[in-house]
1. For segment 74-115, take every pair of Cα atoms, bin their distances at 10 Å starting from 0, and report each bin as a whole percent.
2. For LEU150, what is the net charge nearby, where nearby means another residue's Cβ is under 14 Å from its Cβ and Lys, Arg count +1, Asp, Glu -1?
3. What's the local net charge at GLU89, with K and R +1, D and E -1, over the other residues with C-beta under 12 Å away?
4. At 1.4 Å probe size, put ASP79, ASP199 in order of accessible surface, largest to smallest.
5. Work out, step by step, the length gained on full extension between ARG194 and GLN81: first 0.36 nm times the residue separation, then minus their alpha carbon distance; give nm to one decimal.
6. Applying a 10 Å radius around every beta-carbon, put 152-162, 83-93 in order of their mean neighbour count, most first.
Amino acid sequence: LIVNVSLLAVIRLSTRWGMLWTGFIALMNMGIQYYGGGFPQGVVDGFINGLVIFAFAAFASSLLEADWARREAQQLLSDLQAAHRQLQEYAAQVEELAVARERDRLSRDLHDTLGHRLTVSIVQLEGAERLIAAEPERASQMVNTVRQQLNEGLSEVRRTVGMLRTPVSTDLSLPKALHELAIEFEKATQLPIRVTVPDS
C-alpha cells in the first residue's frame, strides 16, 4: 500500500512534490515500524522499507521523464515535418514567382525590341508601297531598311531563344558539339552545312 501511494504521488504530482511525499511516507513507515518492532529491529525494517519506497519512486520518476522525453521528441518531429512542408511550399512559390518574373521580363524585352522593329518595318513597307510608282529608288531604300530591321530583330529573337534553351551538354565531345550546332544553324537558315573535324 505504501509503495502504491508513493508511486501515485510521483505520477500525479511533480517529481519534486512526489519525492517529498515519498520521504514523508518513508518517515511515517519508519515510525510505524519503530512503534511495532522496537528500537533496533523496527528502525532497520523502516530504513529498508524506506529504501524500497524511494527506489520505486525513483523508477516511477524515470518512467515519467522518459515518457515526457518521448512526447517532446514526437512534438519536435511533428514540428519539423510541418516546417519541412512549409519550406517546400515556399520553394514552390519562389519558383513560380521566378518563372513569372522571367516571363514578364521576356515579354517586355520582346515588346520593346521586336515589337518596335516590326512596327517600324510595317510603317516603312507602307511608305515604300506608296512610293514604288513615283520614287522607286527611295522605295527600294525603304525596303532595304526594312530588311535590315527584320534581320536585326531576327538576331535578337535568336539570342533570346538561345538564352532560354538548355546549352549544349558539357559532356559532349567537341566534334559532336560542333555537329549539333551545325544542325541547328542549318535548320534556322536553310543553308546546307558541312562540318569537317579532324580526329586530333
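1. All Cα pairs considered, the percentages come to 27, 26, 19, 14, 10, 4.
2. Working: positive: ARG117, ARG147, ARG158; negative: GLU152, GLU156.
Neighbourhood net charge equals +1.
3. Details: positive: ARG85; negative: GLU95, GLU96.
Its environment carries a net charge of -1.
4. Numbers: ASP79 80, ASP199 165 Å².
Result of the area sort, largest leading: ASP199, ASP79.
5. Working: separation 113, 0.36 × 113 = 40.68 nm, distance 5.76 nm.
Result: 34.9 nm gained on full extension.
6. Values: 152-162: 12.9, 83-93: 10.0.
Ranked by mean Cβ neighbours within 10 Å, highest first: 152-162, 83-93.
The values are calculated or read from the model by the stated rules, or taken from the named source; none is laboratory data. Note that the structure is a prediction, hence the values are computed from the model and not measured. Virtual Cβ from ideal backbone geometry, glycine too; neighbours counted across all protein chains shown. For the accessible areas, the whole protein counts, side chains as well, though only heavy atoms, and no ligand, DNA or RNA atoms are used. Shrake-Rupley method; radii C 1.70, N 1.55, O 1.52, S 1.80 Å.
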